[in-house]
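The values are calculated or read from the model by the stated rules, or taken from the named source; none is laboratory data. A quick note: this is a predicted structure, and the numbers were derived from the prediction, not measured. Because the Cβ atoms are built from the backbone with ideal geometry, glycine has one as well, and the counts that use them run over all protein chains shown.
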Amino acid sequence: MILLILAVLVGCGDSEQELGGNPDLSAHVDLFEDVSESSGLDFTHFNGMHGSMYLIEIMGSGAALFDYDNDGDLDVYVNQGHMLGADTSVRDAIFQPKNELRDHLFRNDLVIDENGNRTVQFTDVTEVSGINATGYGMGVAIGDYDSDGWQDIYVTNWGSNQLYKNNGDGTFTDVTDTSGTDTNELSSSASFVDVNRDGHLDLYVCNYVVFGYDTHRQCYIDTGAASYCGPESETPVPDRLFINNGDGTFADKSAESQIARIATPSLGIVGRDFTGDGWVDLYIANDSKGNNLWVNQQDGTFVDEAVLRGCAFNMDGNPEGSMGIDAADIDGDGDDDLVLGHWNDETNTLYENDGSGNFVDSTSQFKLGVPSRGSTAFGMLWVDFDNDTLLDLYVVNGAVNILEHLLRENETYPLHQRNQLFRNIDGSAFEDISDASGSVCKPSEVSRGLCIGDVDNDGTPDILVANNSGPLRLYLNRSGDDNHWLGLALTTDNSKTIALDCRVEIITEGKTFWRSPRADGSYCSSNDPRILVGLGEIPDVQKVIVHWPDGAIEEWSEVQVDQYNELHRGTGRDLDGA
Amino acid sequence: MAHKMCIGFVVLCLLNGCGGNSLPDGVVLIESPDVSQLDDAAKQQVNSAFKSIQKLQTDPPADQPAKKTAALYAQAGQVFQSYDVIDLAIACYENSLSYQKDGDILHLLGRAYRETDQMEIAADAFSHAADFLINDRAAMPYVVASLYWAGDSYLELDEIETAREKFQLGIDRTNGRQPIFYLGLGKTYMEEDPVKAIEHLSRAEGMIPGRKNILYLLMTAHRKIGEVERAKQYQEQFEKSVERLLSVDPLHVKVQGLRKTVSAHRMRGNTALFKEKNYVEAVRHFKLALEEKPNDAILNVNYGVAMMYLGNIEIAGESFAKAITLDRTRITAYINLASVHQRQGKLDEAISVLLQALGQNPSTLDAHSLLAEIYLTKQEFAKAIELYDHILQKQPANEFALQGRSIALAKSRRYREAMEQLEASLQVLEQHPNLIFLLVQVLASAPDDAVRDLERAQEVLDLVADSEEYADYVAECQAMLHADRGEFETAIQFQTKAMKISESLGREGRHEIQQIALDLYKNDKPQRMEATE
């Protein structure tokens, strides 16, 4: 009996190792290190709350990991709020601002010394960048819309959105008006995605509901305490689809494409080829309404097929409060599965793709349901944090309705919850390892945006969390470097523009991985578009096959593991993609 | 999280026996709840509940029967649960059960654990509750609730076999008369055997047709086995259906009924109004809330909306007007008041109210939309068009604006623009019957030869030629096209047919206008819109 108890306490380490070299988590190791402060990432979000309980104050905001200066490491963009209320000043705010009330850009000056030690150091370059985003920031999308090799920034706000063109010299120019990409609503997530396969990134913008001080109303929780209202009591606003004209301007095709036919309170987007026809489809996460799967009709129009395809509603046919979202091949069968983050009376939901773009709610089978109840999930992303070959799931949480037990403890902002890390056990089930994962799930905060990327270029994914009315947190991965990995940076024809919207087969002896460059997904955020594949004990990769968005297929056989490989379109071996 | 830390030791005690009528091990001290954040009525109820158990905690009466002590804890627990103070509710239920085993309290404990997402303990509690209730020969609705929630909780835990056992037991105990258990059983087979799932779900559907959740599962199961057409049929039914098959839980309803604060009535009123569409119930709750808070603008608005649905538009109008006096920024009150005026035919009053609303918030599209509609009725087309333009700038696919703008253009005799607008609108709203009929009308009867295009009109009409719902409109349009070609006999036949169909579809209101067209055709004249100015 005593031996059995000891085995449980130490976590039966040997069998853990057999699952692909997972670290022994029973010892409560710190898998990530919070380096926000030491790295100079000094930013605290300000939501402008002063007691009126505006819906908008609990929504934001997002962040982005992207390489704006093309120096090979990931920089950080983060949204900021401002004071809310018609006749208020910052003095009325419940929490005083700690940073200037504008979005911020931080440059990463990564240093790697002769011993291979890496130091991430950020410098606030907002002022010199020329970015003057002083709207009520909600989200950010990154993409090289003008194909000049420099990553541009689209900022979503409550109010006018902004497109910042990267000038390639460390500065940006606001080209919102000339590009025709403004939408003066309460926008949330956005994504640069090439929906018509013309090689130019189009832009999808999620809009939430009509919000104004005049239409604001008060809601209550069961105890009678005032709380925030949900989207049901507001008027939803249609999303926008801007088609890139290829000359630096966009055409608003929201109506013609059918996207604007329906108005839903949308918060999240992923663009992927879910149906396997080679054309990017758009999956939209809606808050308390059925989600949309806009299937690309290949003629500039889309049809929402989410209901029949089984990914609009959960197993019972109920709409859920979808916020965060991600898509990836989590069960290794070659198609993209979906995960959606929901509010605390619901589970997060995993929609498993059957290969033809039809989905089933497999939440319970993958053991993701029960542990996600009780938390309100926003940003969520698939990530192989330990490079053991299996995609795990990191979820950031924070309630949207007042939590009664925190209110009784006289909390001023009683919405905070802990984030969660779910480890993929064997491709068929997950376990909640939050308690054993250390700092990355330790703080109880009101987390919203989430980005994942390899900030220190060490081959392990790092995590950036944007908190509402809280600090921006950067967690560097410290899970160990025993496992092999493969990094891929894909560029298009001109060898400068980062490629999105392609599918990549990574073929090893005994296992094939399917991955896509991922900038969108999560919540209001943009991710490292490079592909990072955990290989576990697999020592090498036989070949990499890239399925480009226009149908072309190219193969590379000389890729090196444990490093990033730049794959420029046209430098591999052509396969028949027709 | 703090409220999740309670452990279901009493459930375990009940299994293993913790015995004794004296203060049993496991009874926990319940601390005074902080009620500072509760509203007055809630404070009173929660304090009163706490006082009822305080004496038990500090100075337990020596001779008090265990049954009474258990009941006091149980009552307090229910009050705490009704106000969502779940950790104290759990502690009270656990204490109650330490004194006396009780199926009802075990069931409520299960609900409380489920609310705190402790699914495994909840599932066990429901399971034991069902055993107790069956042994005690409790009324069937209580047994049904416990068995269903047990099954559902095991299903969430992916313990399929145990879930199946519970649902099957429910079927056995109720002689197969409860569709909820066939729904549950169907869900347990969705993954491994969709055919079997269909069998059980169809049984539930047969017993209580048209329930949203059953239809959705049937759609999914048929799609999984490749029966796509069948799946589409269920999808259609699912999208039309409103009600769901839910478990009726009398104990939980009782607990929720303990909440009698303004906010409770407000919430129940809102649920009845917006979710259940039970307007009588909504009015009842709003009235109770308004007795306590007569000057609450939102309550007045929602009460007015419920009244409007019930047809009491006078009272509704009074409520909206009162809400505006209480809160001049309450835009919904303006819009609803304007709707009341519109229904009463007081169009100028409606316009005045909407202009006030737009003065408060110029970006309110609902106000723009209603104002445009009223201008259209008043034949002030230029104003209507301006408003529709504004809406379309914000919502390029707004169905009502696309339609309204087209009508306004046609009625203001700007036929070419109307035709262009309609063609553009049909690019967005494909096969939209109203747009199609209006476009056919413009293309067939515009006075301007350059606009008239019978070939295109026929092409557009063919898009809805098979419509049963609009068969009279289709026939009328056919008549119009034949008349335009000089085929008046055929036109008369189609027009007569249209009139008969309208009558059979209950659209007798169209008779007068249809007769005018028929008379024209009988006089060998085609329809012509008024000439462009």
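Annotation note: Cβ proximity below 7 Å between a residue of the range A:301-322 that is facing chain B (nearest Cβ under 7 Å) and a residue that is of a type in the set (S, T, N, Q) and part of a loop (DSSP other than H, G, I, E, B) (sequence gap 6+ or interchain) occurs for A:GLY310/A:ASN358.
For A:LEU490, state whether it is within 30 Å of A:GLY137 (Cβ to Cβ) and at pLDDT 95 or above. Criteria met by A:LEU490. Would it be correct to say that B:PHE80 is within 36 Å of the chain's Cα centre (by Cα), in a helix (DSSP H, G or I) and among the aromatic types (Phe, Trp, Tyr)? Yes, satisfied. When the range B:405-421 is limited to residues that are under 38 Å from the mean Cα position of the chain (by Cα) and either touching a residue at least 60 places away in the same chain (Cβ under 8 Å) or closer than 12 Å to B:GLN379 by Cα (or both), the one that is surrounded by the most Cβ atoms within 10 Å (Cβ to Cβ) turns out to be B:ALA408. Inside the range A:470-551, counting only strands (runs of 3 or more DSSP E) that do not spill past its ends, which hold 1 or more residues that are of a type in the set (Val, Ile, Thr), free of Cβ contacts under 8 Å to residues at least 60 places away in the same chain and within 20 Å of A:ASP386 (Cβ to Cβ)? Passing ranges, in order: A:503-508, A:531-536. Looking across the range B:341-358, the residues that are aliphatic (A, V, I, L, M) and more than 12 Å from chain A (Cβ to nearest Cβ) come down to B:LEU347, B:ALA350, B:ILE351, B:VAL353, B:LEU354, B:LEU355. Residues in the range A:120-144 that are out of contact with any Gly (no Cβ under 8 Å at 6 or more places or on another chain), part of a loop (DSSP other than H, G, I, E, B) and not β-branched (Val, Ile, Thr): A:GLY130, A:ASN132, A:ALA133, A:ASP144. Name the residue that is farthest from A:SER227 (Cα to Cα), counting only residues in the range B:297-314 that are within 13 Å of chain A (Cβ to nearest Cβ) and touching a helix residue (DSSP H, G or I) at 6+ places or on another chain (Cβ under 7 Å). Only one residue tops the list, namely B:VAL305. Among residues that are assigned to a loop (DSSP other than H, G, I, E, B) and in contact with a helix residue (DSSP H, G or I) (Cβ under 9 Å, 6 or more places away or on another chain), A:PHE385 is included. On the stretch given as the range B:141-191, residues that are polar (S, T, N, Q) and within 14 Å of chain A (Cβ to nearest Cβ) total 3.
Would you point out the residue of the range A:234-257, among those that are over 27 Å from A:SER147 (Cα atoms) and touching a Phe, Trp or Tyr at 6+ places or on another chain (Cβ under 8 Å), that is nearest to the other protein chains (Cβ to nearest Cβ)? I'd like the intermediate steps shown before the answer.
The initial filter retains those residues of the range A:234-257 that are over 27 Å from A:SER147 (Cα atoms), namely A:234-238.
Of the ones still in play, those that are also touching a Phe, Trp or Tyr at 6+ places or on another chain (Cβ under 8 Å) are A:234, A:236-237.
On the way: A:GLU234: 11, A:PRO236: 10, A:VAL237: 7 Å.
Among residues in the range A:234-257 that are over 27 Å from A:SER147 (Cα atoms) and touching a Phe, Trp or Tyr at 6+ places or on another chain (Cβ under 8 Å), the one nearest to the other protein chains (Cβ to nearest Cβ) is A:VAL237.
Every condition in (1) surrounded by fewer than 20 Cβ atoms within 10 Å (Cβ to Cβ); (2) away from every other protein chain (no Cβ under 14 Å); (3) under 17 Å from B:PHE126 (Cα atoms) is met by B:VAL195 except one, and the failing one is (3).
Condition test on A:GLY357, is it in contact (Cβ under 8 Å) with a residue 12 or more places away in the chain, in contact with a Lys or Arg (Cβ under 9 Å, 6 or more places away or on another chain), small (Gly, Ala, Ser) and part of a loop (DSSP other than H, G, I, E, B)? Even if it seems obvious, please write down each step before you answer.
Values: in contact (Cβ under 8 Å) with a residue 12 or more places away in the chain: yes; in contact with a Lys or Arg (Cβ under 9 Å, 6 or more places away or on another chain): yes; small (Gly, Ala, Ser): yes; part of a loop (DSSP other than H, G, I, E, B): yes.
When the stated conditions are applied, A:GLY357 passes them.
For the range B:237-295, a residue qualifies if it is within 13 Å of another protein chain (Cβ to nearest Cβ), of a type in the set (Phe, Trp, Tyr) and buried (at least 20 other Cβ atoms within 10 Å of the Cβ), and exactly one does: B:PHE238.
From the list A:SER495, A:SER439, A:SER444, A:SER434, which one is more than 22 Å from the chain's Cα centre (by Cα) and either surrounded by fewer than 23 Cβ atoms within 10 Å (Cβ to Cβ) or of a type outside the set (Ser, Thr, Tyr) (or both)?
The conditions single out A:SER495.
Any residue in the range B:374-393 that is farther than 21 Å from B:MET529 by Cβ and of a type in the set (Phe, Trp, Tyr)? Scanning the range B:374-393, I find no residue that is farther than 21 Å from B:MET529 by Cβ and of a type in the set (Phe, Trp, Tyr), so the answer is no.
Between A:CYS206, A:CYS229, the distinction of being assigned to a strand (DSSP E or B), touching a Leu at 6+ places or on another chain (Cβ under 8 Å) and in contact (Cβ under 8 Å) with a residue 60 or more places away in the chain belongs to A:CYS206 only. For the range A:237-263, enumerate the residues that are part of a loop (DSSP other than H, G, I, E, B), within 9 Å of B:PRO396 (Cβ to Cβ) and within 22 Å of the chain's Cα centre (by Cα). The answer is A:PRO238, and nothing else.
Reported count of residues in the range B:497-509, each being surrounded by 15 or more Cβ atoms within 10 Å (Cβ to Cβ) and either touching a residue at least 40 places away in the same chain (Cβ under 8 Å) or out of contact with any Asp or Glu (no Cβ under 7 Å at 6 or more places or on another chain) (or both), is 2.
The set of residues in the range B:359-370 being buried (at least 17 other Cβ atoms within 10 Å of the Cβ), farther than 13 Å from B:LEU337 by Cβ and more than 10 Å from every other protein chain (Cβ to nearest Cβ) consists of B:HIS368, B:SER369. Considering (1) within 11 Å of another protein chain (Cβ to nearest Cβ); (2) out of contact with any Lys or Arg (no Cβ under 7 Å at 6 or more places or on another chain); (3) under 25 Å from A:SER522 (Cβ atoms), the lone condition that A:CYS206 does not fulfil carries the number (1). Applying the criterion of being surrounded by fewer than 16 Cβ atoms within 10 Å (Cβ to Cβ) and polar (S, T, N, Q) to the residues of the range B:58-74, the residue that is farthest from the other protein chains (Cβ to nearest Cβ) is B:GLN64.
Identify all residues within the range B:356-412 that are part of a helix (DSSP H, G or I) and of a type in the set (Val, Ile, Thr); write none if there are none.
Just the residues of the range B:356-412 that are part of a helix (DSSP H, G or I), to begin with: B:356-360, B:365-377, B:381-394, B:399-411.
Result: B:ILE374, B:THR377, B:ILE385, B:ILE391, B:ILE407.
Within the range A:280-300, the set of residues being within 12 Å of chain B (Cβ to nearest Cβ) and either assigned to a strand (DSSP E or B) or on the phi > 0 side of the Ramachandran plot (or both) comprises A:SER288, A:GLY300.
Residue by residue, here is whether (1) within 14 Å of chain A (Cβ to nearest Cβ); (2) under 25 Å from A:VAL303 (Cβ atoms) holds:
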site	(1), (2)
B:THR377	no, no
B:HIS390	yes, no
B:GLN403	yes, yes
B:ARG414	no, no
B:ALA446	no, no
